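S.K.: Have a look at this one.
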């Protein structure tokens with residue numbers, strides 16, 4: 001489990017693609033402290049397991065299914081990725097509960113800098129858009145953010161200079177893709193109550209027509 005508070009922007013040492021997926025090695029630097037083989041780490045918001053550890057370099061494997069849902073499919077050596085180690089019980093929850101199970105990708109459609117912040121807008125697939133809520137939480141490339149606007153299959157967020165500096169979002173431009181994980185609680189509510197609400201709406205609509 002993660003919080004969406006990125007701990008560091010770290011370089012990719014190797015990204016090797018094969019029939020079974022991606023073998024990825026990242027230089028964790030000081031974030032390697034306390035990391036062991038088998039630990040879960042969020043890499044650009046994707047929960048991956050440390051398969052090997054050599055000094056400060058951690059290796060991960062991403063299956064083909066993961067590559068089909070995330071930006072890891074375009075990963076290259078020398079890229080920089082957002083890193084967050086799993087939260088420990090008792091730690092402060094500075095963002096929101098993030099599982100690291102990416103729901104899909106969003107496309108940057110606008111980057112609008114202002115004096116004190118930058119507004120970014122992302123286009124989502126209908127399924128993901130339906131799982132978002134105005135003023136609700138969303139994780140973009142593993143960064144916990146609040147949705148400030150929602151319309152026409154797009155969501156917008158406001159980013160302060162610090163967030164742009166210490167995460168991958170600072171290098172995003174129009175047309176780029178980001179990993180999207182919608183709010184965990186919202187997904188469960190929609191999954192369980194969605195069919196009931198649709199049935200209720202159908203009944204009300206039927207009564208109004210009769």
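The values are calculated or read from the model by the stated rules, or taken from the named source; none is laboratory data. Note that the structure is a prediction, hence the values are computed from the model and not measured. Don't worry about glycine lacking a Cβ; one is built from the backbone with ideal geometry, like all the others, and counts go over all protein chains shown.
S.K.: Could you check residue 108 against (1) surrounded by 21 or more Cβ atoms within 10 Å (Cβ to Cβ); (2) assigned to a strand (DSSP E or B) and say which number it fails?
M.R.: Failed condition: (1).
S.K.: Residue by residue through the stretch 143-155, note down the ones that are outside any loop (DSSP other than H, G, I, E, B), in contact with a strand residue (DSSP E or B) (Cβ under 7 Å, 6 or more places away or on another chain) and surrounded by fewer than 18 Cβ atoms within 10 Å (Cβ to Cβ).
M.R.: 146, 149, 154
S.K.: Mind checking whether some residue in the stretch 125-142 is surrounded by fewer than 16 Cβ atoms within 10 Å (Cβ to Cβ) and modelled with pLDDT of 95 or more?
M.R.: There is at least one residue in the stretch 125-142 that is surrounded by fewer than 16 Cβ atoms within 10 Å (Cβ to Cβ) and modelled with pLDDT of 95 or more.
S.K.: Further question: Any idea which of (1) part of a loop (DSSP other than H, G, I, E, B); (2) at pLDDT 95 or above is the one residue 94 doesn't satisfy?
M.R.: So the condition that residue 94 fails would be (2).
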